[in-house]
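Engineer: Sharing a structure with you now.
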Amino acid sequence: MASVHESLYFNPMMTNGVVHANVFGIKDWVTPYKIAVLVLLNEMSRTGEGAVSLLERRRLNQLLLPLLQGPDITLSKLYKLIEESCPQLANSVQIRIKLMAEGELKDMEQFFDDLSDSFSGTEPEVHKTSVVGLFLRHMILAYSKLSFSQVFKLYTALQQYFQNGEKKTVEDADMELTGRDEGERKMEKEELDVSVREEEVSCSGPLSQKQAEFFLSQQASLLKNDETKALTPASLQKELNNLLKFNPDFAEAHYLSYLNNLRVQDVFSSTHSLLHYFDRLILTGAESKSNGEEGYGRSLRYAALNLAALHCRFGHYQQAELALQEAIRIAQESNDHVCLQHCLSWLYVLGQKRSDSYVLLEHSVKKAVHFGLPYLASLGIQSLVQQRAFAGKTANKLMDALKDSDLLHWKHSLSELIDISIAQKTAIWRLYGRSTMALQQAQMLLSMNSLEAVNAGVQQNNTESFAVALCHLAELHAEQGCFAAASEVLKHLKERFPPNSQHAQLWMLCDQKIQFDRAMNDGKYHLADSLVTGITALNGIEGVYSVLLSVAELYWRSSSPTIALPMLLQALALSKEYRLQYLASETVLNLAFAQLILGIPEQALSLLHMAIEPILADGAILDKGRAMFLVAKCQVASAASYDQPKKAEALEAAIENLNEAKNYFAKVDCKERIRDVLYFQARLYHSLGKTQERNRCAMLFRQLHQELPAHGVPLINHL
C-alpha cells in the first residue's frame, strides 16, 4: 500500500516543480558559447520575415529559452540544434563566427558595439524587458566591465572554441564518407567523446546565476517526477560539488545534494547536506531578508522538522522523536501553525503503532482543514482510511472517505494525491479479496495523464503510486496464470525504476514473491526456501510464513485433522472480523477439506457451496483449481453410499470437475497438483470400466511422477 506521508518532506526549493534559487555572488559573464548565442540572435534580427518561414521561426523561438538558460555546449552541437530548426540560419551563424574567430580582436569589439543598436529606434528589434532583451543587456554590461587582458583571454577562448567545433565538424564529414556499418560504430564512439568534452566545458568554470537556477530547477523537477531522466547520483553529485567549489554558501545546491543522497540511502551524506543547507540560509540571511527576523526561527524549526523526517525515513525513530520535539518547541514559540501541523502529521507516523494513534490523526485532519491546508488534510484522510482498512471497516465506508478526499484533490488540483488515492483503492480492494475491482483501479491509474505542469518530455509517471499500481498489476496477472504478462510488467518496472532508484524495492519484493509462488507451484521447495531469504531482506513481515492456515495444513498432513479445526475456526473468525472475504472463503475451503478427512463429505460439500462463488469470481487460478479438485473429492466420497446408476453419474460429474481443476493447474504450471488430478482420474476411469482413458491418465501420471518427488503421505491429505 502506498506510503501516504512520503511527500511530507519540506522542500523550500520547489513550488509546482520550479526551484526558487538565489545564487549568492554569482553574476552573468561572457563565454565563447554565449558569444555564439549572441551571433544567433543578431542573425535572427537581421534576417527578413520572408527569408525564414513561419514554422522555422517558431522552432527557433522554442530553441532560444533552453539555449539562454542551459549550460554551455560545444559549437558543433549548437550548429546541429540550429540546423534542425533552420538550415539557412545555421550556415549564416557559422560564417559569422568563423569570420570573427579567424579575424582580429577588433572584430569582436565591433560585434559588441553593434549589439546596442538592437535597442535603438522607435520600433527596436528587441524589447529591453523581454527575455532576449535582458540577456543582451547582461552580456553587453558584462563585456563592458572586462579589462583589456580579460578581453584578450575571452578572444583566445573564442578561437579555441571555434577550432574545437571545426575539428568536430570535419570528423563528422569524414565519417559520412565511410560505410554505413562502420560509420554507425564510429558515431557511437564520437558521441561518447563529445559527452566527455561537454562535461569538461560545463565544469571548466562556475555556472552563471541563470544557468545554475536552470540546472537546479531541471534536476529537482526530474527527481520528483521522472528520476530516470535525471543525472545519475554520481554525476549529479559531481556537478553539485563543482557548484559548491566556486560558492560554498550556495544553500540550494546543498539541498539538492540532500535529495540526491536520499536516492542512494546515504544517511551520513544526506544529513550532512541537509544541515549545511539550513546553516547557509541562516549565515547568509536569505530567510531574514524576505521574512524579517522571523526568518532565522523559521529556518531553525524547519531544519529540525526535516531532520526528524530524515531519521524517520531511515528507521531512527528515537532520534526522529527528539528532533520533532525540538521543531514543536520552536514552532510553538513562533506560533507557526503550518509547521505545527506538519509536526502533528509526523507525530502520527512515529506513533501509529499505538492503539490511540487514530485520535491524533483525526485531530490533525480537523486542524489542517481549519488552517486551510488541503494537502495535509488529504494525507491525513488517506492515512485514516489505511488505518481503518487494517482495522476491518467495511469497504463502502472507506470508499466514501476516499471520495471526500478526492473532492479536495480535484478542487485544489493536487494531482499527486489523486494518484496516491487510486493506488490506495487498488490496495484496499486487493486486501478485501476483490481482484476485479483492484485490477480496474490499477488500470485507471496507469491510463491517467498527469495534471501537474512539468518540463517538456517529462511525465509524472515515475512516482511511488505508479510503482505500487504496476506491482499490483504484475501480481494479479501472476495469480491468473499469465506469467508472460507479469514478466512484461516487471520488465517495464525495472526500466522505469532502475535498481538505484528510491522505489526499486517495490518491484524487487514483487518479483521475489512471484518467483516464490511459482517455485511452490512447481514443487521446488528448495528454491522457494532460498527465495524466503531475499523476501525477508526486503520486507521482514512478508518473510514470515507461520500463519494459521499453514499450521492447520501441517496438522492434517500429520493425520491430525481434529487438532486443525480450532485453528481454522480462529482463522475464519479473524477473516470475518477484518472483512477479508477472500481469506474467509479460503478458510471455509480448508474447513471443508478437514470435514472430508473426518468422513463427513456431505457437510463438506454444503460448506463448499458457501465458499466457491467468491473464489471462482475473484480468486487466484491456483485456488480455483484447488476448489474444483475438492468438489470432485467430496462428490466421490459422497457417492460411496449411492446405488450403481446414481454412483456412475456422480463419478462422471467428478471427472468433469477434475478436468476443470486440471485446466486451472495447467495455467499456473502446477505439475505437482496435475499429477494428483491424473492419479484421481485414473482411479475413477478404472471404477467406470473405461480402460483407454484410464491408461492415458496413468501414462501421464507416470511421466510426472518420475519428474517430481513423491509426497510420502496419502493423497487424500493434500488440499
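Engineer: Is it the case, given these coordinates, that L596 is modelled with pLDDT of 80 or more and out of contact with any helix residue (DSSP H, G or I) (no Cβ under 7 Å at 6 or more places or on another chain)?
Structural biologist: No.
Engineer: Also, I was wondering about something else. Starting from region 254-267, keep only residues that are touching a residue at least 60 places away in the same chain (Cβ under 8 Å), then list their pairs with residues that are part of a loop (DSSP other than H, G, I, E, B) whose Cβ atoms are within a distance under 6 Å, requiring at least 6 positions of separation or different chains.
Structural biologist: From residues that are touching a residue at least 60 places away in the same chain (Cβ under 8 Å), the pairs are Y255/M13; R263/Q502.
Engineer: Checking the conditions here, which among A51, A101, A36 is more than 18 Å from V132 (Cα to Cα), assigned by the TED database to the domain that holds L158 and modelled with pLDDT of 85 or more?
Structural biologist: Just one listed residue meets the conditions, A101.
Engineer: All but one of (1) at pLDDT 85 or above; (2) more than 30 Å from Q218 (Cβ to Cβ) hold for P124; which doesn't?
Structural biologist: Of everything listed in (1) at pLDDT 85 or above; (2) more than 30 Å from Q218 (Cβ to Cβ), P124 misses just condition (1).
Engineer: Scan region 566-586 for residues that are among the aromatic types (F, W, Y) and either within 14 Å of A620 (Cα to Cα) or part of a helix (DSSP H, G or I) (or both) and report the count.
Structural biologist: Count: 1.
Engineer: Sort out which residues of region 212-240 are more than 23 Å from L68 (Cα to Cα) and among the polar types (S, T, N, Q), and write them in order of number.
Structural biologist: Within region 212-240, N225, T228, T232, Q237 qualify.
Engineer: May I pose another question? Is it true that some residue in region 205-216 is surrounded by fewer than 20 Cβ atoms within 10 Å (Cβ to Cβ), at pLDDT below 75 and part of a helix (DSSP H, G or I)?
Structural biologist: Yes.
Engineer: Would you point out which residue out of A584, A573 is closer than 19 Å to Y432 by Cα, surrounded by fewer than 15 Cβ atoms within 10 Å (Cβ to Cβ), assigned by the TED database to the domain that holds D669 and not polar (S, T, N, Q)?
Structural biologist: A573
Engineer: State all residues of region 431-448 that are out of contact with any Phe, Trp or Tyr (no Cβ under 6 Å at 6 or more places or on another chain), aliphatic (A, V, I, L, M), part of a helix (DSSP H, G or I) and open to solvent by 20 Å² or more (accessible area, probe 1.4 Å); if no residue qualifies, say none.
Structural biologist: The answer is L431, L439, M444, L446.
Engineer: So which of A395, A391, A368 ends up being under 18 Å from T426 (Cβ atoms) and modelled with pLDDT under 90?
Structural biologist: Values: A391 fails: under 18 Å from T426 (Cβ atoms); A368 fails: under 18 Å from T426 (Cβ atoms).
That would be A395, the only listed residue that is under 18 Å from T426 (Cβ atoms) and modelled with pLDDT under 90.
Engineer: Quick test of your reading of the structure: E84 fulfils all but one of (1) open to solvent by less than 40 Å² (accessible area, probe 1.4 Å); (2) in a helix (DSSP H, G or I). Name the failing condition by number.
Structural biologist: With (1) open to solvent by less than 40 Å² (accessible area, probe 1.4 Å); (2) in a helix (DSSP H, G or I) applied to E84, the lone miss is (1).
Engineer: Condition first: part of a helix (DSSP H, G or I) and over 18 Å from L158 (Cβ atoms). Now tell me which residues in region 63-81 satisfy that.
Structural biologist: Hits for region 63-81 are L63, L64, L65, P66, L68, Q69, K80, L81.
Engineer: Continuing with this model, one more query. Could you list, in sequence order, the residues of region 335-350 that are of a type in the set (V, I, T) and either open to solvent by 50 Å² or more (accessible area, probe 1.4 Å) or modelled with pLDDT of 90 or more (or both)?
Structural biologist: V338, the sole residue that qualifies.
Engineer: Which numbered condition trips up L350, out of (1) touching an Asp or Glu at 6+ places or on another chain (Cβ under 7 Å); (2) assigned by the TED database to the domain that holds A442?
Structural biologist: Only one criterion in (1) touching an Asp or Glu at 6+ places or on another chain (Cβ under 7 Å); (2) assigned by the TED database to the domain that holds A442 is unmet by L350, namely (2).
Engineer: Hey, another quick one. Look at Y302 and say whether it is under 28 Å from the mean Cα position of the chain (by Cα), under 30 Å from K425 (Cβ atoms) and touching a residue at least 24 places away in the same chain (Cβ under 8 Å). Don't jump to the end; show me each part of the working.
Structural biologist: Values: under 28 Å from the mean Cα position of the chain (by Cα): yes; under 30 Å from K425 (Cβ atoms): no; touching a residue at least 24 places away in the same chain (Cβ under 8 Å): yes.
For Y302, the condition - under 28 Å from the mean Cα position of the chain (by Cα), under 30 Å from K425 (Cβ atoms) and touching a residue at least 24 places away in the same chain (Cβ under 8 Å) - is not met.
The values are calculated or read from the model by the stated rules, or taken from the named source; none is laboratory data. Predicted model, so just to flag it, every value in this text is computed and none were measured. Positions of Cβ are generated from backbone atoms using ideal geometry, with glycine treated the same way; all protein chains shown enter the neighbour counts. Remember, those area values only see protein heavy atoms, side chains included, never the ligands or the DNA or RNA. Shrake-Rupley method; radii C 1.70, N 1.55, O 1.52, S 1.80 Å.
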